[in-house]
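The values are calculated or read from the model by the stated rules, or taken from the named source; none is laboratory data. Computed from a prediction, not measured in an experiment: that's the story for all the values here. Quick reminder, even Gly has a Cβ in these numbers, built from the backbone with ideal geometry, and neighbours come from all protein chains shown. Keep in mind that these areas ignore ligands, DNA and RNA; they rest on the heavy atoms of the full protein, side chains included. Shrake-Rupley method; radii C 1.70, N 1.55, O 1.52, S 1.80 Å.
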Amino acid sequence: MRRLWTACLAILALGAGPAVAQQQTNPVLEHYRAYRAAIERGDTITAEAEAVSALRASEQRDGDSGRTGVLALNLAIVRLTNDHAAEAVAPAAQALRVAETNPAAGVDALMARIVFARAQL
């Protein structure tokens, strides 16, 4: 199961990468890059910390717009990977809410539903 979530993280990182990389350097991008680097190294503890920082910076700057929904989904998945299901519920719910209210936000609604359901188990 851990490999499945790691694969999901990699897919999400690849999907969000081009859109995030086009932006100017900013706190969201810096934390996102650190998150991706940690994922590539297999360091899910650091990835979780960087995902929290990226999400907070995005929320502060964009609210639920921009890449906030994708970053929330990334955080939820990495928390599930780290066996922190209870802590994954809030970001998974946020990602699902964004996916359902703003389809152009880039959040895969099906993935968000799956992650939210998994976090609630």
**Karplus-derived HN-Hα couplings along the range 69-78 (A = 6.51, B = -1.76, C = 1.60, θ = phi - 60°), whole Hz, x at Gly and Pro** = x, 5, 5, 5, 5, 4, 4, 4, 5, 5
**Fill in**
Per-residue accessible area, 1.4 Å probe, largest first, puts 53, 58, 65 in the order 65, 53, 58
**Prompt:** So how far apart, in nm, are the two label points at residue 104 and residue 26 if each is 7 Å from Cα heading toward Cβ?
**Reply:** 1.7
**Prompt:** What accessible surface, in Å², does a 1.4 Å probe find on residue 115, ignoring ligands, DNA and RNA and rounding to the nearest 10?
**Reply:** 0
**Message:** Can you work out the Karplus-derived ³J(HN,Hα) for every residue in the range 105-121? Use 6.51 cos²θ - 1.76 cosθ + 1.60 with θ = phi - 60°, whole Hz, and x for glycine or proline.
**Reply:** 6, x, 8, 6, 4, 5, 4, 4, 5, 5, 5, 4, 4, 5, 5, 7, 5
**Probe 1.4 Å, all protein chains present, accessible-area order of 83, 64, 108, largest first** = 83, 108, 64
